[in-house]
Protein chains: 2
Amino acid sequence: MGNSDPEKSAADRFLADDSLREAAATGIIGYRLRRAQLNVFQRFLTVFETLQLRPAEYSVLVLIADNPGRKQTEIAAALGIKRANFVTLAHELEARGLIERRPARDDKRANALHMTADGTAFLNHARTLHEAMEQDLVTQLGGPQARDRFVDMLERLS
Amino acid sequence: MGNSDPEKSAADRFLADDSLREAAATGIIGYRLRRAQLNVFQRFLTVFETLQLRPAEYSVLVLIADNPGRKQTEIAAALGIKRANFVTLAHELEARGLIERRPARDDKRANALHMTADGTAFLNHARTLHEAMEQDLVTQLGGPQARDRFVDMLERLS
DNA sequence: TGCATTTAGTTATATAGAATAACATTGTTA
DNA sequence: TAACAATGTTATTCTATATAACTAAATGCA
């Protein structure tokens with residue numbers, strides 16, 4: 001039983017008709033921005049597939065490693081993740097043995113987040129993969145200077 | 001009965017701790033790309049709130065107006081929307097009287113998509129709003145040249 | 001101090017976007 | 001003509017994100 005109705009990739013059809021292509025993208029910054037973002041995220045998913053790590057999870061690990069002992073709410077807020085949604089995320093990372101949620105010293109309600117030894121090793125590996133991907137992106141953008149200009153413009157839109 | 005648990009905006013907490021802020025964004029193109037995209041889309045939603053028009057719907061209308069008579073699948077594919085998901089989208093736009101789905105001459109299976117007179121008028125209004133928004137973005141980016149460089153870099157990532 | 005308000009974490013739930021599978025109808029091609 | 005492919009469709013799933021409501025604890029203030 002094979003795939004009875006395989007979708008062609010969007011790009012296949014996209015390139016099949018240039019007049020449509022032009023019409024779709026002309027003068028729409030938001031549209032191109034979204035396309036680029038989806039593309040970069042897709043690349044991320046591919047690169048991190050073997051690690052079973054999604055973008056949000058990676059950024060959470062980076063933030064905890066660089067800011068050990070912070071409370072859930074702080075990490076969540078810094079990444080623009082709602083407290084409620086962060087709960088599941090943190091629980092999964094804890095269940096995988098990558099992070100620990102210790103009772104905070106100064107606040108009995110709060111959990112202080114820390115990396116485990118396994119988590120640190122795992123993140124180091126992930127960081128290597130990420131840096132390689134990032135390097136690819138820089139190359140595509142046209143070098144470090146272009147990257148800096150690009151990131152600057154992204155910030156201007158935020 | 002007021003909002004018993006109002007969330008602070010992400011930015012409020014974000015700015016409350018610069019060390020976290022720096023850690024979150026350092027060296028992560030994908031992260032900043034996503035932030036910028038969400039921000040621009042949020043602006044779109046605000047601008048188009050009175051029209052009750054979402055980004056995908058706007059791009060569909062633009063594409064149909066610029067390519068009248070195309071089949072559903074063509075429009076959907078050009079925008080990277082799955083056939084299946086496009087059905088609801090097209091039905092809603094038709095229900096609002098903005099587009100028509102006429103039987104295609106050369107293919108009894110297919111629907112050829114056309115704007116209605118109302119749809120054209122509606123889209124003209126939407127285009128005005130969009131152009132104003134686009135102009136704001138260009139200003140934020142630092143002018144037309146910066147916009148061109150920016151869009152070029154977005155294309156490089158796609 | 002005592003009481004109202006706020007905050008941290010949590011659970012449950014809702015909504016939107018995007019993806020897959022399967023199907024009828026029609027078109028294409030070997 | 002018989003196999004295959006494409007179009008539109010429905011149903012379903014998955015993921016991300018958002019909201020409401022609750023508890024326990026902390027904070028503020030009169």
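The values are calculated or read from the model by the stated rules, or taken from the named source; none is laboratory data. As the structure is a computational prediction, the values presented were derived from the model and not from experiment. All Cβ positions, even for glycine, are placed from backbone atoms using ideal geometry, and neighbour counts span all protein chains on display. When the accessible area is computed, the model is the full protein with side chains, heavy atoms only, and any ligands, DNA or RNA have been set aside. Shrake-Rupley method; radii C 1.70, N 1.55, O 1.52, S 1.80 Å.
Annotations
- The range A:67-125-the range B:106-158 distance, computed between alpha-carbon centres (Å): 41 Å
- Residue order for B:Thr120, A:Thr50 - accessible surface, 1.4 angstrom probe, largest first: A:Thr50, B:Thr120
- Taking amide H positions as modeled 1.01 Å from N, with prolines and chain starts lacking one, the residues under 5 Å from A:Ile99 and 5 or more places away or on another chain are A:Glu94, A:Thr116.
- The phi-based Karplus calculation (6.51 cos²θ - 1.76 cosθ + 1.60; θ = phi - 60°) puts the 3J(HN,Hα) values of the range A:77-89 at 5, 5, 9, x, 9, 5, 3, 4, 6, 5, 3, 4, 4 Hz, whole numbers, x for Gly and Pro.
- Peptide-level mean, for B:73-79, of C-beta atoms on other protein chains within 10 Å: 6
- Using θ = phi - 60° and Karplus 6.51 cos²θ - 1.76 cosθ + 1.60, couplings along the range A:52-59 (whole Hz; Gly, Pro as x): 6, 10, 8, x, 4, 5, 4, 5
- 3J(HN,Hα) along the range A:63-70, derived from phi through the Karplus expression 6.51 cos²θ - 1.76 cosθ + 1.60 where θ = phi - 60°, amounts to 5, 5, 4, 7, 9, x, x, 6 Hz, with x in place of Gly and Pro.
- With label points set 7 Å from Cα along Cα→Cβ, the inter-copy distances at B:Arg102 are 7.2 nm, sorted shortest first.
- A:Ala112 long-range amide H proximity, modeled H, under 5 Å: A:Arg102, A:Ala104
- A point 7 Å from Cα along Cα→Cβ stands in for B:Glu49, and the other copies hold the same point at 4.1 nm, listed in rising order.
- Prolate/oblate/rounded call for the range B:48-156, Cα gyration tensor, a/c under 1.5 rounded: prolate
- Chain B, rotation onto A, residue closest to that axis via Cβ, with its distance in Å: B:Gln37, 2
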